[in-house]
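Every read-out reported here was derived from the displayed coordinates using simple, explicitly stated rules and does not represent laboratory data. Just so we're clear, the structure is a prediction, and the values are computed from it rather than from any experiment. Using ideal geometry, Cβ is built from the backbone for each residue, glycine included, and neighbour counts are taken over all protein chains shown.
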Amino acid sequence: MKAVVVENYDSIDGISIREMDLPGVSAGEVRVRIGAAAVGFVDGLKVQGLYQTKDPLPFVPGTEFAGVVDAVAGDVSAFKPGMPVIGMTRSGGLAEYISVPSAALKNLPAQVPFEAGASFQANYLTGLYALGERAYLREGETLLVLGAAGGVGIAAVQLGKLLGAKVIAAASTPDKRDFTTRFGADETIDYTKADWRDTLKTLTGGHGPDVIFDPVGGEVALQAFRSIAWRGRHLVVGFAAGEIPKLPLNLALLKGASLVGVFWGDFARRQPKEFAHSIRQLGQWYAEGKLKPHVSQTLPLEKAVEALKLMAARQVKGKLVLTVG
Ligand SMILES: NC(=O)c1ccc[n+]([C@@H]2O[C@H](COP(=O)([O-])OP(=O)(O)OC[C@H]3O[C@@H](n4cnc5c(N)ncnc54)[C@H](OP(=O)(O)O)[C@@H]3O)[C@@H](O)[C@H]2O)c1
């Protein structure tokens, strides 16, 4: 099979597409013939050795995929060859085949394309967990989404609207801001402008945002927290800007505000029942047509290096997906 292989951590250009042996199927495992695999910001960090955990070299990157069951271990009864599935893994998703424990897979409804299935889980589960379980976002509240045209950002925009909030989307270019409007944002802000906090104040009638969804970090996060409403909740989701901000804690005191961490991977491990409920809720919204995961660009697996470079250069809106086979 073909696979994307990281041989060293020197540069994205060091990644190669190689022929590898088909993975075997051990007890409890299912082998999937992958149809599409998503590329996220974290993949860009992982292939450069910049993520908090490093995979031993060489390794196949890729954490989210969709495809068809190809082979099943004798002790697995939940899946049969030919079933469409989606899956999450720590690595190995950017390949033609992958073997994973059956618990890593979920059924993919037949009408959902692989591209949408591969890009749904991490971003939408993070968004729902953050807004619902961590911020208790209520109908009528104002939600500010930073990095709103990115993968997890656009999921938060859509989910914020579904939960009944007024959504203000912050992004760096007119094209990105238009994109967030198409996905339901009520207002947009150019947060690269020096006076963007004044605009935010005007848009919220002086009140400030009740909830801030923050996958960006850096100076923008600090400025956003300074603008938060009384009893606001600032969701710490990620640091795409590359800098972990240091917040003066008196700001939290003055606003009665909360700084709330979001780590959906551990949510899945530590609260499996609530996690399963989130998956059912998202599946239902998808089936009812209330959620439309957007794949802004697809490239063939062979163009993995180009895809990772686009992510690193801040050129991707929504989700970028590699098609396989
Ligand atoms: N906590 C969790 O459970 C969880 C789950 C999923 C993702 N995350 C994290 O969330 C962050 C975003 O992930 P994503 O997949 O949504 O990434 P993405 O699609 O690349 O979006 C990130 C956004 O951040 C903005 N940004 C600002 N400064 C940037 C910079 N220097 N480089 C790149 N982007 C920059 C960009 O928007 P503008 O150009 O408009 O500024 C971009 O659209 C990552 O740190 C990821 O690790 C966390």
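The dipole here belongs to the chain: it is taken about the Cα centre, uses +1 on the Cβ of Lys and Arg and -1 on the Cβ of Asp and Glu, and is about 780 debye.
Relative contact order of segment 73-127, please, whole-number percent, based on alpha carbon pairs below 8 angstrom and at least 6 residues apart.
On the way: 28 pairs, mean separation 20.9, N = 55.
The value is 38 percent.
Calculated mean residue ellipticity at 222 nm for the chain: -8000 deg cm²/dmol, from DSSP H runs with n ≥ 4 weighted as -39500 (n - 2.57), summed, divided by the residue count and rounded to 500. Backbone amide hydrogens, once placed in the peptide plane, bring residue 236 within less than 5 Å of 260, 261, 262, excluding anything fewer than 5 places away on its chain. Here the Karplus curve 6.51 cos²θ - 1.76 cosθ + 1.60, taken at θ = phi - 60°, turns the phi angles of segment 22-39 into couplings of 4, x, x, 10, 7, 3, x, 9, 10, 9, 10, 8, 6, x, 7, 9, 8, 10 Hz, with x standing for Gly and Pro. Across the chain, the relative contact order, built from alpha-carbon pairs under 8 Å that are at least six residues apart, equals 18 percent. When the listed pairs 2/176; 54/309; 161/273; 273/319; 176/319 are checked against a 23 Å cut-off, the alpha-carbon distance exceeds it for 2/176; 161/273; 273/319.
Restricting attention to the chain, close to 55% of DSSP beta bridges with both partner residues there are antiparallel.
In sequence order, segment 132-145 has phi-based couplings of x, 6, 9, 9, 6, 4, 10, 3, x, 6, 9, 10, 9, 10 Hz under the Karplus curve 6.51 cos²θ - 1.76 cosθ + 1.60, θ = phi - 60°, and Gly or Pro positions carry x. Once the Cβ-Cβ distance of residue 111 and residue 266 is raised to the sixth power relative to R0 = 45 Å, the FRET efficiency obtained is 0.90. To one decimal place, what Kirkwood hydrodynamic radius in Å is obtained for segment 168-212 from all pairs of distinct Cα atoms? Every distinct Cα pair counted, the radius reaches 10.8 Å. Out of 79, 58, 25, whose Cα points farthest toward the positive end of the dipole of segment 7-90 (charges: +1 Lys, Arg; -1 Asp, Glu; placed on Cβ)? With unit charges placed on the Cβ atoms, the residue in question is 79. When both segment 215-282 and segment 157-177 are represented by their alpha-carbon centers, they are found 16 Å apart.
For the pair residue 251 and residue 1, the difference between a 0.36 nm per residue extended length and the Cα-Cα distance amounts to 84.6 nm. The alpha-carbon of residue 166 sits under 12 angstrom from the alpha-carbons of these aspartates and glutamates, leaving out residues fewer than 8 places away in its chain: 139, 141, 186, 187, 210.
Remark on residue 297: its backbone amide H falls under 5 Å from those of 319, 321, a criterion applied only to residues 5 or more positions apart or on other chains, H modelled at 1.01 Å from N. Couplings 3J(HN,Hα) of segment 172-181, computed from phi: 8, 10, x, 4, 5, 5, 4, 4, 5, 5 Hz, in residue order, whole Hz [Karplus 6.51 cos²θ - 1.76 cosθ + 1.60, θ = phi - 60°; x for Gly and Pro].
Excluding same-chain neighbours fewer than eight residues apart, the lysines reachable from residue 80 by a Cα-Cα span under 21 Å are 106.
Quick one: putting +1 on the C-beta of Lys and Arg, -1 on the C-beta of Asp and Glu, what dipole do you get for segment 110-233 around its Cα centre, in Debye to the nearest 20?
Values: 13 positive and 14 negative charges, 48 e Å.
Charge dipole of segment 110-233: 240 debye, to the nearest 20.
Annotation: amide H of residue 189 within the under-5 Å range of 169, 170, 171, sequence separation 5 or more or interchain, hydrogens built in the peptide plane.
Of all aspartates and glutamates in the structure, those lying under 13 Å Cα to Cα from residue 193, and not within fewer than 8 positions of it along the same chain, are 219. Label reach from residue 13 (point 7 Å along Cα→C-beta): in segment 30-64, amide nitrogens under 16 Å belong to 48. With an a/c value of 1.5 or above and a/b not larger than b/c for the gyration tensor axes a ≥ b ≥ c computed over the alpha-carbon atoms, segment 263-308 is described as oblate.
Each Cα pair under 8 Å and six or more residues apart adds its sequence gap; the mean of these over the residue count of segment 128-203 is a relative contact order of 26 percent.
Computed about the Cα centre, the dipole magnitude for segment 152-306 is approximately 520 debye when only Lys and Arg (+1) and Asp and Glu (-1) carry charge, each at its Cβ. Here the spin labels are modelled as points 7 Å beyond Cα on the Cα-Cβ line, and at residue 52 and residue 201 they lie 3.5 nm apart.
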